[in-house]
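The structure appears below as structure tokens.
The values are calculated or read from the model by the stated rules, or taken from the named source; none is laboratory data. Worth saying up front: this structure is predicted, and the values here are computed from it rather than measured. Backbone-built Cβ (ideal geometry, glycine too); neighbour counts: all protein chains shown.
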Amino acid sequence: MEPALRISLWSCPRTVSTATLRSFANRPDTEGVDEPLYAWYLKRTGRLHPLREVVLRSQAQDWRAVVDQVLLGPTRRPVQFVKHMAHHLVGDVDVSFAHRTANVFLIRDPREMLPSLRDDLGALHRADLGFERQRELYHELRRAGLDPVVVEGADLLAAPERMLRALCERVGLAFAPEMLSWEPGPHPCYGAWAPAWYRKVMASSGFHALPPKTAPFPEELVPWLALARDPYRDLHARRLRP
């Protein structure tokens, strides 16, 4: 049997990462995997996220077991698509497994993302953002001779078919029309935390452009914006433009 094509999606929170996972999981040849390092992240950082204990019970809590059993373990289908949060790479995680996958970085303007994340978590913590870790990992993979892809979430929402066709081409996969729409509701690929985080995507049936935010950017989030701006701009300049 041919080895599986493994695709790693490295995202920051409050992007269209779950919709992208659902899109790929709708392909008949693809197994979707949702944030397999989440329990490791929660255990390592002590962060009190919604459904924390449910998450901890649902996954291996050691990154080594996740790599061996999931990220480089047996697959049920020819393609494995793994949605990661970049900030879950905490502690001593060895990211060399990513040298054996096609890597995609999904980004979103922090002016759009930060208010939404604050609303979900109540308070922000630097470890929850992900922008800095995305940039760090991107350049680490480039130094290793790899060619990761950067996708701007707004571009994907504005032109789903064009962007998905271009993305599939970059990772060596034929585009499938099934990626453009799906049945609303729960899906087996979603993590155990879906009830707390995935209400919007579970009500969706495809990619839909979001209306621009019209409220002023919250003054209290300006310091967080300063942390996110440069990493975002660096990756944005390298985004996929078909």
Failed item, numbered, when residue 131 is tested on (1) touching a Cys at 6+ places or on another chain (Cβ under 8 Å); (2) over 20 Å from residue 154 (Cβ atoms): (2)
Residues satisfying the stated conditions in segment 54-103, i.e. surrounded by 17 or more Cβ atoms within 10 Å (Cβ to Cβ), more than 25 Å from residue 124 (Cβ to Cβ) and not small (Gly, Ala, Ser): 66, 67, 70, 71, 75, 79, 80, 81, 82, 97, 101, 103
Selection count where residues are assigned to a helix (DSSP H, G or I) and under 19 Å from the mean Cα position of the chain (by Cα), scope segment 218-242: 8
Selection status of residue 66, touching a residue at least 12 places away in the same chain (Cβ under 8 Å) and touching a Phe, Trp or Tyr at 6+ places or on another chain (Cβ under 7 Å): yes
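Conditions (1) at negative phi; (2) outside any helix (DSSP H, G or I); (3) polar (S, T, N, Q), marked per residue:
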{"residue": "36", "(1), (2), (3)": "yes, yes, no"}
{"residue": "39", "(1), (2), (3)": "yes, no, no"}
{"residue": "47", "(1), (2), (3)": "yes, yes, no"}
{"residue": "61", "(1), (2), (3)": "yes, yes, yes"}
{"residue": "74", "(1), (2), (3)": "yes, yes, no"}
Filter pass, residue 158 being out of contact with any helix residue (DSSP H, G or I) (no Cβ under 9 Å at 6 or more places or on another chain), in contact (Cβ under 8 Å) with a residue 40 or more places away in the chain and surrounded by fewer than 18 Cβ atoms within 10 Å (Cβ to Cβ): yes
Only listed residue being at pLDDT below 95 and of a type in the set (Phe, Trp, Tyr), chosen from 105, 97, 24, 131: 131
Residue check for residue 225: among the hydrophobic types (A, V, I, L, M, F, W, C) and either within 19 Å of residue 103 (Cα to Cα) or in contact with a Pro (Cβ under 7 Å, 6 or more places away or on another chain) (or both): yes
Residue, farthest from the chain's Cα centre (by Cα), within segment 19-28, restricted to residues that are surrounded by fewer than 24 Cβ atoms within 10 Å (Cβ to Cβ) and assigned to a helix (DSSP H, G or I): 25
Segment 82-104 residues that are closer than 15 Å to residue 14 by Cβ and assigned to a helix (DSSP H, G or I), paired with ones that are among the small types (Gly, Ala, Ser) and modelled with pLDDT of 95 or more (beta carbon under 9 Å, 6 or more apart): 86/11
Boolean, residue 215 is in a helix (DSSP H, G or I) and either surrounded by 12 or more Cβ atoms within 10 Å (Cβ to Cβ) or touching a residue at least 12 places away in the same chain (Cβ under 8 Å) (or both): no
Boolean, residue 171 is within 17 Å of the chain's Cα centre (by Cα) and modelled with pLDDT under 95: no
Test for residue 35: is it crowded, with 21+ Cβ neighbours inside 10 Å and in contact (Cβ under 8 Å) with a residue 60 or more places away in the chain: yes
Residue satisfying all of: in segment 174-186; part of a loop (DSSP other than H, G, I, E, B) and not hydrophobic (A, V, I, L, M, F, W, C); nearest to the chain's Cα centre (by Cα) among these: 186
Any pair with Cβ under 8 angstrom, 6 or more apart, that starts in segment 175-186 at a residue that is closer than 9 Å to residue 206 by Cβ and ends at one that is loosely packed, with under 15 Cβ neighbours inside 10 Å: 180/161; 180/206; 181/205; 181/206; 182/205; 182/206
